[in-house]
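Structure record follows, encoded as structure tokens.
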Amino acid sequence: MRLSRSQVLLLVEILTSVVVVAGVWLYTEQNSSFAVARMPDVLQAFEEAWLFERVTSDVLPTMQRLVIGFGIAVLAGVPLGLALGSSPLLRLLTQPAMTLIRSIPAVAMIPPLVILLGVGNGMKIFLVVIVCIWPIVLNTSDGVRQFDSTMRATAQVYGLTRLERLRFVLIPGVQPRVFAGLRTSLALALILVIASEYLAGTDGVGYFVAQAQQSYDVATMWAGILLLGAIGYLLNAVILLFQRRALHWHASEHTEA
Amino acid sequence: MVIMSMHQESPRLAGDVHEEQHESRLVPGPRIAPAPLTQRRWAPVVLGVTGLVTLAVIWEAGVRAEVLPPADIPRPLEVASALGGLLGENDFWTALGQTFIGAGTGLAIATAVALVAGVAMGASEVLRRAFRPTVEFLRPVPGLTLIPLAILLWGPSTGSTIFLVAFGCTWPLLVQTMAGVSSADQVGLMAARSYGLGVFARIRWVIIPSALPYVMTGLRICASIALIVAIGGELIVGTPGVGSMIRQAQQALKLDDMYALVLASGVLGIATTLGFERAERFVLRWRSYGEEGSQ
């Protein structure tokens with residue numbers, strides 16, 4: 001039986017991945033040191049920590065901060081973006097101030113926020129909001145600005161009311177851009193939650209990893225890094241799935257494949 | 001009239017105004033109403049400054065009225081003078097240089113790795129498929145998660161920053177390069193081959209021109225990632241640089257300095273973005289106006 005081209009490619013994909021994992025396995029087996037842990041130890045530490053002993057004590061707080069912060073950023077960012085996109089006056093007034101705030105490297109916000117809000121949940125959530133809101137605002141506002149003016153005019157000529165135009169024309173029209181902003185923001189949100197837990201934490205996955213590192217428990221540290229990687233991967237997958245469902249009518253979803 | 005009422009509703013494109021003014025000069029006719037406030041040439045500057053000043057006034061008023069805690073937030077003028085003081089200090093410029101070297105070296109390493117791997121994976125479907133799962137798994141891992149590893153390997157030295165930046169920047173750039181190379185015009189490639197162009201000539205004249213816009217966009221994105229990761233790494237690991245200066249100011253409760261440094265890092269962010277935007281426009285100046293580099 002001859003394999004088709006796509007089957008061969010799939011085989012290549014699987015085999016190389018197996019080789020990569022095996023290579024890492026062998027390398028860590030022989031070179032385990034103060035920074036590199038043997039893979040079986042990491043897996044064991046992973047199982048001990050995350051299945052499911054520390055899920056409620058560390059994973060849950062991290063996800064809670066992330067989801068609440070991201071949620072507030074979306075709820076505030078989309079309307080703000082719609083407003084900025086439809087008012088040139090507002091946009092010009094806020095542009096330099098916004099650019100300045102947005103350009104502050106996100107993590108540099110942590111020290112002032114620690115002074116203002118302490119090291120609790122409030123600080124971490126506020127940090128996520130104040131950083132994650134900008135990609136959403138900018139993408140939404142750009143989406144509104146670049147929105148097809150013919151479509152806008154047509155909707156007006158057909159006598160759609162303001163509210164109907166917003167609901168049926170503008171919001172669907174800017175959705176692809178909004179999603180682009182959401183993806184950027186979600187990746188940022190994870191980075192910020194982790195960084196704030198490293199720097200000023202009492203619980204959470206970031207705190208857990210930092211603790212493991214400080215006590216030179218390398219296997220546990222790697223288990224934590226592995227979990228953070230998995231969380232990043234899953235979040236990205238979830239938002240892609242969500243985007244595909246919400247934008248199934250949009251042309252870009254069909255051409256990409 | 002219809003046109004006028006529509007203009008109030010929807011922002012016009014900048015191009016429209018010029019056309020209109022142009023016409024009104026050439027063709028004598030009924031006077032056209034002056035362009036709205038927001039389309040004057042001075043509007044961005046004047047309105048932007050107004051916005052910034054308003055923000056500063058709100059800040060000042062907030063602190064005076066004690067809506068914002070005066071103990072925790074210095075006034076805008078105090079921060080401005082602290083910023084002025086910093087600009088005269090050698091320590092600040094040294095820290096700035098250290099941050100730049102860390103971020104720049106990391107970005108350079110990431111670029112070298114991403115370009116080689118990206119061109120190879122973009123050109124060969126077998127290679128692309130072979131390493132797709134690995135790349136897709138490593139790509140969403142936030143660069144800062146590796147901070148503990150960096151601490152163990154390099155401690156608070158520039159090595160940590162370079163490592164973190166290189167890891168954080170490689171993936172986005174690799175994906176951009178790959179997309180750029182595989183977007184190369186297939187007909188163009190075949191034509192080049194029929195004309196007897198060798199591999200290098202084909203890379204130089206067909207693949208690079210189509211991949212370059214993608215690579216430049218990737219570089220611009222990565223430059224801001226590099227800055228975030230570098231300053232974040234300095235802040236958490238304690239590597240010398242602007243990040244650790246912020247941390248020290250916080251711990252010494254020199255709040256004026258801390259806010260001034262945070263603002264300065266914002267200006268640094270703007271400068272980086274602007275610099276890479278200009279470089280992008282310069283490198284891609286041969287492209288026709290209006291084409292957009294893909295994300």
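The values are calculated or read from the model by the stated rules, or taken from the named source; none is laboratory data. Note that the structure is a prediction, hence the values are computed from the model and not measured. A quick note on method: Cβ atoms are made from the backbone with ideal geometry, for glycine too, and the neighbour counts reach across all protein chains shown.
Reported count of residues in the range A:26-42, each being away from chain B (no Cβ under 14 Å) and loosely packed, with under 15 Cβ neighbours inside 10 Å, is 5. Within the range A:141-165, the only residue that satisfies the criterion of being touching a residue at least 60 places away in the same chain (Cβ under 8 Å) and among the aliphatic types (A, V, I, L, M) is A:V144. Could you please give the count of residues in the range A:13-44 that are hydrophobic (A, V, I, L, M, F, W, C) and touching a Phe, Trp or Tyr at 6+ places or on another chain (Cβ under 7 Å)? Summing the residues that are hydrophobic (A, V, I, L, M, F, W, C) and touching a Phe, Trp or Tyr at 6+ places or on another chain (Cβ under 7 Å) in the range A:13-44 gives 4.
Annotation note: of B:P142, B:P172, the sole residue that is modelled with pLDDT of 85 or more, at negative phi and crowded, with 16+ Cβ neighbours inside 10 Å is B:P172.
May I ask you to verify whether B:L263 is within 16 Å of B:L86 (Cα to Cα) and touching a residue at least 60 places away in the same chain (Cβ under 8 Å)? Yes, satisfied.
Residues that are without any contact (Cβ under 8 Å) to a residue 40 or more places away in the chain and more than 7 Å from every other protein chain (Cβ to nearest Cβ) were ranked within the range A:85-94; the one that is nearest to A:I191 (Cα to Cα) is A:L90.
Within the range A:13-20, is even one residue outside any helix (DSSP H, G or I) and of a type outside the set (D, E)?
no
Yes/no matrix, rows are residues, columns are (1) in a helix (DSSP H, G or I); (2) in contact with a Ser or Thr (Cβ under 7 Å, 6 or more places away or on another chain); (3) not polar (S, T, N, Q):
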{"residue": "B:L153", "(1), (2), (3)": "yes, no, yes"}
{"residue": "B:P156", "(1), (2), (3)": "no, yes, yes"}
{"residue": "B:F163", "(1), (2), (3)": "yes, no, yes"}
{"residue": "B:L173", "(1), (2), (3)": "yes, yes, yes"}
{"residue": "B:T177", "(1), (2), (3)": "yes, no, no"}
{"residue": "B:V181", "(1), (2), (3)": "yes, no, yes"}
{"residue": "B:V187", "(1), (2), (3)": "yes, no, yes"}
{"residue": "B:M190", "(1), (2), (3)": "yes, no, yes"}
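Look at (1) surrounded by 15 or more Cβ atoms within 10 Å (Cβ to Cβ); (2) not in a helix (DSSP H, G or I) and you find that A:T62 fails only one, number (2).
If only one of B:Q250, B:Q186 is without any contact (Cβ under 8 Å) to a residue 24 or more places away in the chain, among the polar types (S, T, N, Q) and within 10 Å of another protein chain (Cβ to nearest Cβ), which one is it? Selected residue: B:Q250, the only one of B:Q250, B:Q186 that is without any contact (Cβ under 8 Å) to a residue 24 or more places away in the chain, among the polar types (S, T, N, Q) and within 10 Å of another protein chain (Cβ to nearest Cβ). Across the range A:154-199, the number of residues qualifying as at the interface with chain B (Cβ under 10 Å from one of its Cβ atoms) and exposed (fewer than 15 other Cβ atoms within 10 Å of the Cβ) comes to 2.
Quick one: which helices (runs of 4 or more DSSP H) sit completely within the range B:73-146 and have at least 3 residues that are more than 11 Å from chain A (Cβ to nearest Cβ) and of a type in the set (S, T, N, Q)? Let's see the steps before the verdict.
Details: elements: B:76-87, B:90-123, B:125-138.
Here the list reads B:90-123.
Of all the listed residues (A:F70, A:F126), the sole one being surrounded by 21 or more Cβ atoms within 10 Å (Cβ to Cβ), under 26 Å from A:V205 (Cβ atoms) and of a type in the set (F, W, Y) is A:F70.
Hey, among the residues in the range A:95-114 that are surrounded by fewer than 23 Cβ atoms within 10 Å (Cβ to Cβ) and not aliphatic (A, V, I, L, M), which one's farthest from the other protein chains (Cβ to nearest Cβ)? Once the filter is applied, the top-ranked residue is A:R102.
Here A:Y216 passes the criteria (1) at pLDDT 80 or above; (2) not in a loop (DSSP other than H, G, I, E, B) except the one numbered (2).
If the condition is being facing chain B (nearest Cβ under 8 Å) and surrounded by fewer than 22 Cβ atoms within 10 Å (Cβ to Cβ), then the range A:226-237 contributes A:G229, A:Y233, A:L235, A:N236.
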